[in-house]
Amino acid sequence: MYIHGYASTGNATKAQTLKAMFPDCNVVSPTFDYNNTPPDAIQQQIARLVAENDVRMMVGSSFGGYHALCATLAFEGIVWCINPVHDVIGTLHNILPTLSNEFFKERTAGLDASMLKSQQTKMLQAYAEFDHRVFQQLPRRERQLNFALSRHDEVLGDYTHLLNIFNNVDHVVWSETSTHHFEAFVELKESMAQTLAR
């Protein structure tokens with residue numbers, strides 16, 4: 001299962017690439033409405049899809065990587081996190097102002113400034129509570145947990161804090177050339193295949 005990042009969809013480039021990388025696998029790639037769906041409900045959707053599709057490997061990118069990490073509370077399969085968000089409140093504070101930008105014009109059509117601000121405040125409060133209750137309390141699982149990280153991530157910056165939290169992961173694959181979007185994604189095929197073959 002592929003879990004897309006913020007302001008993306010289940011039809012994102014990485015989802016399509018993952019399907020091409022593993023043509024013999026059924027790749028489930030749902031679209032999540034991060035702006036309007038509480039994090040607990042996102043986790044319930046993930047759990048339902050995992051059960052319905054007998055998911056063996058979960059791949060989460062950025063905000064989807066955060067949700068993939070949170071899903072390890074119940075999911076015991078292989079997890080690959082691509083540049084995962086690990087300071088969710090700090091990251092949302094940086095991302096949410098862009099909701100009014102041209103890129104988000106369709107998603108915010110019909111919302112006036114006060115409605116948009118209310119929506120953002122509600123989302124931040126929901127994630128602050130969820131992060132404290134779920135992410136910060138995650139058991140520090142190392143088996144079958146893998147990271148692919150960019151050395152030059154212009155969105156999330158340094159991953160020292162993430163690696164301190166999860167200091168015994170199976171694999172950490174660094175990209176020396178990729179930005180936050182991890183342009184070297186296709187290069188993870190061999191590493192992912194090895195984890196699936198176990």
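Every number in this text was worked out from the coordinates using simple rules, so none of it is lab data. Remember, predicted model here, so these are calculated numbers, not experimental data. Cβ coordinates were reconstructed from backbone atoms using ideal geometry, including for glycine residues, and neighbour counts include every protein chain displayed.
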Here is a list of conditions, (1) closer than 18 Å to G90 by Cβ; (2) free of Cβ contacts under 8 Å to residues at least 60 places away in the same chain; (3) within 16 Å of the chain's Cα centre (by Cα), and E183 meets all of them except one; can you say which number that is? (1)
Counting only residues that are of a type in the set (A, V, I, L, M) and not in a helix (DSSP H, G or I), region 115-171 contains a total of 8
Selection count where residues are touching a Leu at 6+ places or on another chain (Cβ under 8 Å) and small (G, A, S), scope region 155-198: 1
Considering (1) crowded, with 16+ Cβ neighbours inside 10 Å; (2) more than 23 Å from Q194 (Cα to Cα), say which one T31 fails and leave the rest. (1)
